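Some notes on the structure that comes next.
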Amino acid sequence: MRHKEMPPFRADLHCHSTCSDGTLSPKEIIDLAKSLDLLGLSITDHDTIHAYKTVLPYAEEMGIKMISGVEFSTEHKGVSVHILGYSFSLKNQAISEFCLKHKERREKRCLAILELLSDHRMPILEEEIYALQPTGNIGRPHIALAMVQRGYVQSVEEAFKRYLAEGKPCYIKGKAFSVEESIDLIHQANGLAMIAHPHLLKHSSLLNDLLKMNFDGLEGYYASIGHRTYLDWIELAKKKEWLITGGSDFHGNIKPNALGSSWVNQDVFEKLHNHFLAA
Ligand code: AMP
Ligand code: ZN
Ligand code: FE
Ligand code: FE
């Protein structure tokens, strides 16, 4: 949510740490959130909840309320769909096992991408990627960074544009999990499932399918995207009595999105926070 006048309570519910492809550690994100006067936060790393191994006591110490979060990569009819999971139990075994499967999927996919890069005369060693992501939760941004380090491209953006983006010569989709199984898993862990950044959905036919699925809400406020882009989504969510969440999709210095550039108010956050405490 973004208003001309900012309320004292703002919670950013979408950001990425060094546990996936962000450039700040979970603690550094808390410090930044504190300096921006954010009072609520969820770290939503891609397919991992590793940040929550350490971050909750520190957030509490700094006076920032947190709910559990994750952004699952899924696929529907061959198209990529991101799902935000919130307020699930961090002790749930199924969710930890699912994250582990994602990690294996990412490792295999990385090797396949490195092979393609080598075919394009841009060899990169696996170790170079792991040096950038010691937890092993590898994403394309790490491969892009390694390409920059090797001098194959000038920037992460160029690496995506020329080689790594969907449809480019070194893109590999790899194994994918369905939207439905990912929603079910979040629910199994007593969490809530949201459609992430709906404006990025590539095909409108996807929308009809997604709206019939068992989501609990959608991300109706995103980074500094103009509010008008989202009016239709917000109307839809209201009709379905879905929750409307929001966040910046902050990644540190590899993406322009600023922490706190989108947020939810106290009402929305308290609903999610109460759900988290009960999960
Ligand atoms: P992966 O999860 O490995 O498929 O990588 C997805 C990540 O790559 C997302 O977090 C995006 O922020 C980033 N990404 C996707 N497309 C681009 C792009 N064109 N330029 C820079 N980053 C991108
Ligand atoms: Zn990312
Ligand atoms: Fe996303
Ligand atoms: Fe994200």
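Quick one: which of GLU75, GLU128, GLU104 is open to solvent by less than 60 Å² (accessible area, probe 1.4 Å), more than 16 Å from THR18 (Cβ to Cβ) and free of Cβ contacts under 8 Å to residues at least 24 places away in the same chain?
Selected residue: GLU128, the only one of GLU75, GLU128, GLU104 that is open to solvent by less than 60 Å² (accessible area, probe 1.4 Å), more than 16 Å from THR18 (Cβ to Cβ) and free of Cβ contacts under 8 Å to residues at least 24 places away in the same chain.
Table: residues versus (1) in contact (Cβ under 8 Å) with a residue 40 or more places away in the chain; (2) closer than 23 Å to GLY246 by Cβ; (3) of a type in the set (S, T, N, Q); (4) open to solvent by 40 Å² or more (accessible area, probe 1.4 Å).
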residue: LEU36; (1), (2), (3), (4): yes, yes, no, yes
residue: LEU56; (1), (2), (3), (4): no, yes, no, yes
residue: ILE64; (1), (2), (3), (4): no, yes, no, no
residue: LEU84; (1), (2), (3), (4): yes, yes, no, no
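Return a yes/no flag: does the range 38-59 have any residue that is within 22 Å of HIS227 (Cβ to Cβ) and among the acidic types (Asp, Glu). Scanning the range 38-59 turns up no residue that is within 22 Å of HIS227 (Cβ to Cβ) and among the acidic types (Asp, Glu).
Condition check: open to solvent by 50 Å² or more (accessible area, probe 1.4 Å) and among the aliphatic types (A, V, I, L, M). Does ALA237 satisfy that? Here the answer is no, as ALA237 does not meet what is asked.
Taken over the range 203-251, the criterion of being within 16 Å of ligand 2 (Cβ to nearest atom) and either touching a residue at least 60 places away in the same chain (Cβ under 8 Å) or in a strand (DSSP E or B) (or both) is satisfied by GLU219, TYR222, GLY247, SER248, ASP249, PHE250, HIS251. Checking each residue in the range 185-202 for being more than 16 Å from ligand 3 (Cβ to nearest atom), in a loop (DSSP other than H, G, I, E, B) and under 16 Å from the mean Cα position of the chain (by Cα) picks out only GLY191. Mind listing just one residue for me: the one in the range 30-49 that is out of contact with any Phe, Trp or Tyr (no Cβ under 7 Å at 6 or more places or on another chain) and under 18 Å from ALA196 (Cβ atoms) and, of those, farthest from ligand 2 (Cβ to nearest atom)? Going through the qualifying residues, I end up with LEU41.
The values are calculated or read from the model by the stated rules, or taken from the named source; none is laboratory data. Predicted model only: the values in this text are computed from it and were never measured. Every residue, glycine as well, gets a Cβ built from its backbone with ideal geometry; the counts of neighbours run over all protein chains shown. What goes into the accessible areas is simple: the full protein's heavy atoms, side chains included, and nothing from ligands, DNA or RNA. Shrake-Rupley method; radii C 1.70, N 1.55, O 1.52, S 1.80 Å.
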